[in-house]
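The values are calculated or read from the model by the stated rules, or taken from the named source; none is laboratory data. Only a predicted model underlies this, so the values are computations on that prediction, with no experimental measurement involved. Neighbour counts are summed over all protein chains in view; Cβ atoms, including those assigned to glycine, are modelled from backbone coordinates with ideal geometry. Each accessible area value is taken on the protein alone, full model and side chains, heavy atoms only, with ligands, DNA and RNA left out. Shrake-Rupley method; radii C 1.70, N 1.55, O 1.52, S 1.80 Å.
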Amino acid sequence: MEVERKISADDYGFFLLSPTVLELFLKSKSIKSKKILAHFNKRKEDLNEAIQEGILIPVNQIPAYTYSIFVSTEVALDSLNDRWELVLQEGEFNLKIDNSNSLWFISLVQFHNWNPGNFCTTADYTGYLTESGAEGKEEFEYTGQKYRLDAGNYLVAVTGLKRKVLEYEDEQNYGYFIGLIALSYFL
């Protein structure tokens, strides 16, 4: 299992996707707008088709917190039971990963002015620094996290988590476990 990482749910959520797969979908639908979130809000049938075809998985309508995320292809959810309790089963979804071998968690704020070039990077994350609290402590807000996966089609289970011992601010007490099962690999 991967180590715990963070994603900021700016605009109350995030998408899981492979950016190149999304770009091919947008091209096939002749969607030229960079305001992808506005487009999906206006044309819900395009969003539903993208979900059904495994183009993206939305985790939305959640508080704008920073969430812990865990990704596993080994279904090792039990290893989290000592610190986390399961509070929500989001369901199982299809997801396509292209030969870039990358799964991205991307905050919804990135889809107001979509730029796929932001995710053609060797870095495994995107984000920005912000000042927080009375002391003006700097914190890094992760707006994207990249995981390396083999190209192929996956069945993805999304599970919501809550810390058993609430020892942090609200925004650090919640997370998601993403379990992936490979259905087929691209050759």
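Against the conditions (1) surrounded by 13 or more Cβ atoms within 10 Å (Cβ to Cβ); (2) out of contact with any Asp or Glu (no Cβ under 9 Å at 6 or more places or on another chain); (3) without any contact (Cβ under 8 Å) to a residue 24 or more places away in the chain, E139 satisfies every one except (2).
One line per residue, one yes/no per condition, for (1) open to solvent by 10 Å² or more (accessible area, probe 1.4 Å); (2) of a type outside the set (S, T, Y); (3) free of Cβ contacts under 8 Å to residues at least 12 places away in the same chain:
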{"residue": "K6", "(1), (2), (3)": "yes, yes, no"}
{"residue": "L37", "(1), (2), (3)": "yes, yes, no"}
{"residue": "N41", "(1), (2), (3)": "yes, yes, yes"}
{"residue": "I62", "(1), (2), (3)": "yes, yes, no"}
{"residue": "T66", "(1), (2), (3)": "yes, no, no"}
{"residue": "N81", "(1), (2), (3)": "yes, yes, yes"}
{"residue": "N94", "(1), (2), (3)": "yes, yes, no"}
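If you check F186, F119 for being in contact with a Gly (Cβ under 8 Å, 6 or more places away or on another chain), open to solvent by 10 Å² or more (accessible area, probe 1.4 Å), within 28 Å of I51 (Cβ to Cβ) and at pLDDT below 85, only one passes: F186. Restricting attention to region 149-183, the residues that are part of a strand (DSSP E or B), more than 14 Å from K6 (Cβ to Cβ) and of a type in the set (K, R) total 1.
Selection of region 1-30 for residues being modelled with pLDDT of 95 or more and part of a loop (DSSP other than H, G, I, E, B) yields S18, K29, S30.
Residue count for region 142-167, restricted to those that are without any contact (Cβ under 8 Å) to a residue 24 or more places away in the chain and either loosely packed, with under 11 Cβ neighbours inside 10 Å or touching a Leu at 6+ places or on another chain (Cβ under 8 Å) (or both): 1. Checked against the criterion of being closer than 29 Å to F25 by Cα, modelled with pLDDT of 85 or more, surrounded by 13 or more Cβ atoms within 10 Å (Cβ to Cβ) and in contact with a Cys (Cβ under 9 Å, 6 or more places away or on another chain), the candidates S107, S72, S100 yield just one match: S100.
Consider region 126-136 and keep the residues that are touching a strand residue (DSSP E or B) at 6+ places or on another chain (Cβ under 7 Å) and free of Cβ contacts under 8 Å to residues at least 40 places away in the same chain. The one that is surrounded by the most Cβ atoms within 10 Å (Cβ to Cβ) is T126. Within region 176-184, does at least one residue satisfy the condition of being touching a helix residue (DSSP H, G or I) at 6+ places or on another chain (Cβ under 6 Å), among the aromatic types (F, W, Y) and in contact (Cβ under 8 Å) with a residue 12 or more places away in the chain? The answer is yes; a qualifying residue exists.
When each of L108, L37, L86, L103 is tested for being within 24 Å of S184 (Cα to Cα) and not acidic (D, E), the lone residue that passes is L103.
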